[in-house]
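Here the structure comes first, spelled out in C-alpha cells, and everything after it is commentary.
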Amino acid sequence: MNSRDAIKLSINMGDMISMAYLQDLTDEQMLQRPHPECNHLKWQIGHLIASERMMIEGVAPGSLPALPDGFAERYTKETAKSDDASAFDSKEELLQLYQAQRAGTLAALEKLSDEELDKPSPEAMKDYAPNVAAAFSMQGSHWIMHAGQWAVLRRQLGKPPLF
C-alpha cells in the first residue's frame, strides 16, 4: 500500500460511515438539531462540501468542479443558526454536489506523487493540515467528526444504531 492508497482508505471510511448515517433521513429530519447548540445536518453537509472544495482547491488548484453560485455563502458560520428550510439545498442536491466534489478529490489524489503530498499546505491551512497529504486526509475525518452528531440525531429519531 502506498501513501495515496492509505489516504484513500481513510477518505472512503469517512464516506461509508457518513452515507450510512444519512441514507434514511428525510429533508425535514436533516433540519433537526441533535442539540439546541448544534448545527442541523443540512448546514453541516453544506459546510463539509464547501470545506472540501476550499481545502482541495488550496492544495490542488483546478481539481474540483465549481459549486453553484452562492453555495458557500449559504453554509457559513453566519447561516448556521438559521432553521429556514428554503435557505438550504435539498438532501438530493447536497449529496449530488458531495459526490461531484469527492470524485474530484479522489482524482486529484491519484495524480499526486509522494513528494507532492509532502509539500506544505497554504498558510491558511497550516494549523489543521500542515501538508498536502494532511489536507486530503482531512476529507474522511472531517465528515466522521460531524457524523458523531448525526448518530445522536438518529437515536433521537428512534433509528437503530448502525455501528
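The values are calculated or read from the model by the stated rules, or taken from the named source; none is laboratory data. These figures come from a predicted structure and were not determined experimentally. Cβ atoms come from the backbone with ideal geometry, glycine included; neighbour counts cover every protein chain shown.
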Subset tally (residues that are in a loop (DSSP other than H, G, I, E, B) and either of a type in the set (A, V, I, L, M, F, W, C) or closer than 21 Å to PRO68 by Cα (or both)) for the range 120-147: 1
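Quick one: would you say ARG53 is modelled with pLDDT of 95 or more, in contact with a Leu (Cβ under 6 Å, 6 or more places away or on another chain) and at negative phi? Full working, then the answer.
Numbers: modelled with pLDDT of 95 or more: yes; in contact with a Leu (Cβ under 6 Å, 6 or more places away or on another chain): yes; at negative phi: yes.
In short, yes.
Looking at the range 35-80 only, could you name the residues that are acidic (Asp, Glu), within 22 Å of TYR21 (Cβ to Cβ) and assigned to a helix (DSSP H, G or I)? Full working, then the answer.
Residues of the range 35-80 acidic (Asp, Glu): 37, 52, 57, 69, 73, 78.
With the extra rule that they be within 22 Å of TYR21 (Cβ to Cβ), the set shrinks to 37, 52.
If the condition is that a residue be acidic (Asp, Glu), within 22 Å of TYR21 (Cβ to Cβ) and assigned to a helix (DSSP H, G or I), then GLU52 is the only one that fits.
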Conditions (1) farther than 15 Å from ILE17 by Cβ; (2) in contact with a helix residue (DSSP H, G or I) (Cβ under 9 Å, 6 or more places away or on another chain): number failed by GLU123: (2)
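Here's the yes/no breakdown for (1) within 19 Å of ARG4 (Cβ to Cβ); (2) of a type in the set (A, V, I, L, M):
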site: SER90; (1), (2): no, no
site: GLU93; (1), (2): no, no
site: GLN99; (1), (2): no, no
site: LYS126; (1), (2): no, no
site: ALA129; (1), (2): yes, yes
site: PHE136; (1), (2): yes, no
All positions within the range 11-32 that are touching a helix residue (DSSP H, G or I) at 6+ places or on another chain (Cβ under 9 Å), surrounded by fewer than 17 Cβ atoms within 10 Å (Cβ to Cβ) and not hydrophobic (A, V, I, L, M, F, W, C): ASN12, ASP24, THR26, ASP27, GLU28, GLN32
Filtered residues of the range 88-119 (kept if surrounded by fewer than 19 Cβ atoms within 10 Å (Cβ to Cβ), outside any helix (DSSP H, G or I) and touching a residue at least 12 places away in the same chain (Cβ under 8 Å)): SER90, ASP118, LYS119
